[in-house]
Amino acid sequence: MRPRILIARAIFPEVIDKLAQHFDVTSNQDDVLWTPVQLMAQLQGMQGVFTTGSERIDATVLAACPTLKICANMAVGYNNFDLEAMSAAGVLGTNAPDVLTETTADFGFALLMATARRLTESEHFLRAGLWARWRYDMFTGADIHGATLGILGMGRIGQGIARRGAHGFGMKVIYHNRSRLDAATEAQCQASYVSKEELLRTADHLVLVLPYSASSHHAIGAAELAQMKPTATLVNIARGGIVDDAALAAALRNRTIAAAGLDVFEGEPRVHPDLLTVPNVVLTPHIASATVPTRLAMAHLAADNLIGYLLHHKPLTPLNPAVL
Ligand code: DGY
């Protein structure tokens, strides 16, 4: 009998076709947002599930779905997985690293530039018919070139942003990470390791690229924002919950920092209402990896993990390989 898998969200038809060559597939092309109870009902009798990062797989789901063997996330982040519970239940988790690194780093830079140069604020002004004449101080922002770029979280995407800043824009790059990079990687990124305090104090632009976990929850809150320069910009392309969004909205309103660019939000797709009313923030709906080739590559990698594990016991990017 062919293994049964569930594709929990709408996905490229060609990836469904590929999976259907190997599995009995149930897909959710209507993109219904299932509650946890509905997800558990859909998972009955399934050996694998293709998730997109928004479906929570925890001890309750695992206990209710004893046939499940693998959860393949079409995302590099996997904070929707309780990996400990999955390991305890003998369920493999996989993610989709590497294929999105450069695209996400491109977007981090785009959001940084849009934020520092006040792109959306000035466009709203123009669209509202408010542009009557040129003025010397109209929408003056902060320079990117030559500025100090701070990066919190220096994995593959952080390194991609560092390379763009150092090599493309002549920026001085500083970073803070759980562990320091080796000397060769630091040299390639032209990045210097500093304490979190120094990062906050000296960065002109601070980009967050760290994974979300209990220890990174509200890594940037009121106290951290108060340490930043009043001219600084903050960019979050990592995960909602790393920034205390209420504290950030207050800091933007009070000009504790100059501006923020946010692609991710606490409790998204809901956005803290205070963020919607401050002008000095650029808001995007979690699209950092959203190019067609990259989203396709992410989907194919998740599919290949399902095929690799369920058919050959060889997943490509396992998160808890001890299960193997
Ligand atoms: C990821 O891969 O973790 C992204 O946030 C999802 O697009």
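The values are calculated or read from the model by the stated rules, or taken from the named source; none is laboratory data. Just so it is clear, the model here is predicted, and its values are computed rather than measured. Reconstructed Cβ throughout: ideal geometry from the backbone, glycine too, with neighbour counts over all protein chains shown. Just the protein is used for accessible areas: all its heavy atoms, side chains included, with ligands, DNA and RNA removed. Shrake-Rupley method; radii C 1.70, N 1.55, O 1.52, S 1.80 Å.
Filter region 15-43 down to the residues that are free of Cβ contacts under 8 Å to residues at least 24 places away in the same chain and not in a loop (DSSP other than H, G, I, E, B) and list them by number.
Residues satisfying the conditions are Ile16, Asp17, Ala20, Asp24, Val25, Thr26, Ser27, Val37, Gln38, Ala41.
Identify all residues within region 180-237 that are under 21 Å from the mean Cα position of the chain (by Cα), charged (D, E, K, R) and surrounded by fewer than 18 Cβ atoms within 10 Å (Cβ to Cβ); write none if there are none.
Matches in region 180-237: Lys196 only.
Residue pairs, Cβ under 6 Å, 6 or more apart or interchain, first in region 238-250 and within 13 Å of the ligand (Cβ to nearest atom), second of a type in the set (A, V, I, L, M). List them.
Note: pairs meeting the criteria are Ala238/Leu208; Ala238/Val209; Ala238/Leu210; Arg239/Val264; Gly240/Val264; Ile242/Leu208; Ile242/Ala219.
Find all pairs meeting these conditions: Cβ atoms under 6 angstrom apart; at least six residues apart or on different chains; first residue within region 276-303 and over 20 Å from Ile5 (Cβ atoms); second residue within 14 Å of the ligand (Cβ to nearest atom) and of a type in the set (Phe, Trp, Tyr).
Note: pairs meeting the criteria are Ala288/Phe107.
Please find, within region 1-14, the residue that is most open to solvent (accessible area, probe 1.4 Å) out of those that are under 26 Å from the mean Cα position of the chain (by Cα), over 23 Å from Asp82 (Cβ atoms) and away from the ligand (no atom under 15 Å from the Cβ).
If we take residues in region 1-14 being under 26 Å from the mean Cα position of the chain (by Cα), over 23 Å from Asp82 (Cβ atoms) and away from the ligand (no atom under 15 Å from the Cβ), then Glu14 is most open to solvent (accessible area, probe 1.4 Å).
If I ask for residues that are touching a Gly at 6+ places or on another chain (Cβ under 8 Å), among the small types (Gly, Ala, Ser) and within 16 Å of the ligand (Cβ to nearest atom), which ones from region 259-276 would you list?
Listed by number, the list holds a single entry, Gly267.
Anything in region 302-315 that is in contact with a strand residue (DSSP E or B) (Cβ under 8 Å, 6 or more places away or on another chain), of a type in the set (A, V, I, L, M, F, W, C) and surrounded by fewer than 23 Cβ atoms within 10 Å (Cβ to Cβ)? List them, or say none.
Leu310
Restricting to region 49-65, name every residue that is over 19 Å from the mean Cα position of the chain (by Cα) and open to solvent by 20 Å² or more (accessible area, probe 1.4 Å).
Of everything in region 49-65, those that are over 19 Å from the mean Cα position of the chain (by Cα) and open to solvent by 20 Å² or more (accessible area, probe 1.4 Å) turn out to be Asp58, Ala59, Thr60, Ala63, Ala64.
Identify the residue in region 62-114 that is out of contact with any Gly (no Cβ under 7 Å at 6 or more places or on another chain) and among the acidic types (Asp, Glu) and, among all such residues, is nearest to the ligand (Cβ to nearest atom).
Among residues in region 62-114 that are out of contact with any Gly (no Cβ under 7 Å at 6 or more places or on another chain) and among the acidic types (Asp, Glu), the one nearest to the ligand (Cβ to nearest atom) is Asp98.
Mind listing whichever residues of region 44-61 are in a strand (DSSP E or B) and more than 16 Å from the ligand (Cβ to nearest atom)?
Answer for region 44-61, where residues must be in a strand (DSSP E or B) and more than 16 Å from the ligand (Cβ to nearest atom): Gly48, Val49.
Could you list all residues from region 290-318 that are assigned to a loop (DSSP other than H, G, I, E, B) and either among the β-branched types (Val, Ile, Thr) or within 16 Å of the ligand (Cβ to nearest atom) (or both)?
Scanning region 290-318 gives Ala290, Thr291, Leu316, Thr317.
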